[in-house]
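Sharing a structure, written as C-alpha cells. Questions coming.
Nothing in this text is a laboratory measurement; each read-out follows from the coordinates by a stated rule. Just so we're clear, the structure is a prediction, and the values are computed from it rather than from any experiment. FYI the Cβ positions are ideal-geometry reconstructions off the backbone, even for glycines, and counts take in every protein chain you see.
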Amino acid sequence: MDTSFVKSPEVQKLLDRAAGIEESGGNPRLKAIMRDLIESAMTVIVKHDVSESEFWLAVKYLAEGSGELGLIVPGIGLEHFIDLFLDAKDAQAGRVGGTPRTIEGPLYVAGAPLVEGDAALTVDPDEGAHTLYMSGAVTGPDGEPVENAIVHVWHANSQGWYSHFDPTGEQTPFNNRRRIKLGKDGRYAFHSKQPSGYSVPPGGATDQLMQALGRHGNRPAHVHFFIEAPGYRTLTTQINFGDDPFAADDFAFGTREGLLPVPNRQGDAAYIAFDFQLQRASDAEDEGFSARARAAAEPVDAA
Ligand code: MBD
Ligand code: FE
C-alpha cells in the first residue's frame with residue numbers, strides 16, 4: 001500500500017486526537033512534535049509493510065532494551081546527528097572555529113574530585129596498563145589563555161570499563177574521573193592508566209541491534225572532556241586514539257577530524273599533546289551545560 005494511506009482523513013483525524021490537538025490543555029510544542037513523530041512512525045509502517053508480529057517485536061525491543069537507550073542513541077547515529085545539527089546552526093550564525101564538539105556519551109558522573117596541577121586520574125590498580133600522559137593549553141578564539149577553566153576528564157580503564165558503570169564492581173567511584181582547575185596560564189596536564197576501547201555489553205539490546213545490522217559495538221580508546229570557563233561556551237568533546245584499530249570505525253560516530261591524535265609511545269608510556277580552543281559565550285545559557293540528565297555520585301576528597 002502507498003504511504004498516502006497515512007494522509008487519509010481517518011488517519012489524520014486519529015493523529016489530531018492522539019496528539020491532543022483539539023484539547024485546550026497540555027503543551028502546544030509537545031503536541032506538534034508528537035503529532036509529527038507518530039505520523040512518521042505510521043509512514044514507516046506503511047512504507048515497509050511492517051507486519052503485526054514485527055510491530056510487536058519492535059515494541060518489545062524498546063521496552064526491554066530501554067535500559068540501554070544511552071548506548072542505542074549513539075549507536076544509531078542520533079547523538080552524532082545532534083552534533084551535526086548544532087554545528088550547522090552554528091555555521092549559519094557565523095559561530096565557527098575552535099575545537100570541534102563531539103558526543104558526550106552516557107558515562108559521565110558528576111561530582112568528581114576537583115584538583116589542581118598535574119592530575120593523577122587513576123587511583124585503582126590496573127595491572128599491566130601503560131601510562132598515559134596528556135597535556136596542553138586551553139585558549140580562546142584569539143589564542144588568549146583561558147583563565148579559571150575547569151577541565152572535566154573521564155575515561156575507561158584498561159578493560160574498557162568506566163567507574164560507576166563497571167559490572168565487575170572493582171573500581172572506586174571516581175577512578176579515572178577528575179575535574180581539573182586550571183590556573184591563569186590555561187594549561188592542563190594529567191596522567192592515568194591508559195584506557196582501552198569500549199565495547200557494548202555482549203548480548204544486550206545494543207549488541208543485538210548492531211549484529212542485526214551487520215555492525216559491531218566497539219569504540220576506539222578515547223578520553224572525554226567538558227571544558228567550562230567564565231565567558232566561554234562549555235565544550236563537550238573527546239579525543240580518540242589515532243592508532244587504535246577502531247579509530248576509523250567507531251560504532252558511536254564520536255571520532256572526528258581534529259580529535260584523533262596519535263599518541264607518542266615510548267616503552268610503557270604514551271604521550272598526547274593536545275590544545276583546546278574554546279568559543280566565546282554570547283550569554284549565560286550559551287556558557288552552560290546542556291540540561292541532559294547525568295549520573296552523579298557523592299563528591300569525595302581527592303586522594
Ligand atoms: C562510550 O564510552 C562512549 O563514549 C559512548 C559515546 C558510547 C558508549 C560508550
Ligand atoms: Fe566513552
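Compare the Cα positions of 182, 171, 204 along the charge dipole of the range 168-303 (+1 at Cβ of Lys, Arg; -1 at Cβ of Asp, Glu; about the Cα centre) and return the one farthest towards the positive end.
Checking the options against the dipole of the range 168-303, the answer is 182.
Right, next: In the chain, what % of DSSP beta bridges are antiparallel (nearest 5)?
So the antiparallel bridges in the chain amount to around 70 percent.
Return a whole-number percent for the relative contact order of the range 1-129, with Cα pairs under 8 Å and 6 or more residues apart as the contact set.
19 percent
Counting only residues 5 or more places away or on other chains, whose amide H sits under 5 Å from the amide H of residue 238 once H atoms are built in the peptide plane?
Here 102, 225 satisfy the definition.
Any chance you could get the radius of gyration and Dmax over the Cα atoms of the chain, in Å?
Over the chain's Cα set, Rg and Dmax evaluate to 22.2, 70 Å.
Residue by residue through the range 130-144, which ³J(HN,Hα) values in whole Hz follow from phi under the Karplus form 6.51 cos²θ - 1.76 cosθ + 1.60 (θ = phi - 60°), with glycine and proline marked x?
Karplus-based 3J(HN,Hα) across the range 130-144 equals 6, 9, 9, 10, 10, 7, x, 10, 10, 10, x, x, 9, x, 6 Hz.
Across the range 114-121, in residue order, what do the Karplus-derived ³J(HN,Hα) couplings come to in whole Hz, using 6.51 cos²θ - 1.76 cosθ + 1.60 with θ = phi - 60° and x for Gly and Pro?
For the range 114-121, the Karplus curve yields 9, 10, 10, x, 5, 8, 9, 7 Hz.
Quick query: amide H of residue 280 versus all other amide H atoms, modeled in the peptide plane; which residues come in under 5 Å with a sequence gap of 5 or more or a different chain?
It is 233, by chain and number.
Using only Cα atoms, find the angle between the long axis of helix 78-92 and the longest principal axis of the chain, and express it within 0 to 90 degrees, rounded to the nearest 10.
80 degrees
Name the GluC sites (Glu not before Pro) in the range 105-194 that are in a loop by DSSP and that have at most 13 other C-beta atoms within 10 Å, would you?
127
Next question. Subtract the Cα-Cα distance of residue 124 and residue 10 from 0.36 nm times their separation in residues, and report this length gain in nm to one decimal.
Extending this stretch completely gives an extra 34.9 nm.
Okay, moving on. Relative contact order for the chain: what percent, with Cα pairs under 8 Å and sequence separation of 6 or more?
RCO, the chain: 22 percent.
Roughly how compact is the range 3-50, stated as its Cα Rg over 2.2 N^0.38 Å to two decimals?
Taking N as the residue count of the range 3-50, the ratio is 1.18.
OK, next. Do you know the relative contact order of the range 3-50, to the nearest whole percent, from alpha carbon pairs under 8 angstrom that are 6+ apart?
Reported relative contact order: 45 percent.
Then there is this: If you build the Cα gyration tensor of the range 1-115 and take the root of 5 times each eigenvalue, what three semi-axes come out, in whole angstrom, biggest first?
Over the Cα atoms of the range 1-115, the semi-axes work out to 34, 21, 17 Å.
So what's the angle, to the nearest 10 degrees on a 0 to 90 scale, between helix 28-47 and the longest Cα principal axis of the chain?
70 degrees
Of the chain, which part is the longest with no chymotrypsin sites (Phe, Trp or Tyr not before Pro) in a loop (DSSP not H, G, I, E, B) and with at most 14 other C-beta atoms within 10 angstrom?
Here the longest segment lacking exposed loop sites spans 1-164.
Give the long-range amide H neighbours of residue 136: residues separated by 5 or more places, or on another chain, with amide H under 5 Å away, using H modelled in the peptide plane at 1.01 Å from N.
So residue 136 has HN proximity to 188, 274.
Also, I was wondering about something else. Using a simple spin-label model with points 7 Å from Cα along the Cα→Cβ vector, what separation in nm is obtained for residue 293 and residue 96?
Computed distance between label sites residue 293 and residue 96 equals 3.8 nm.
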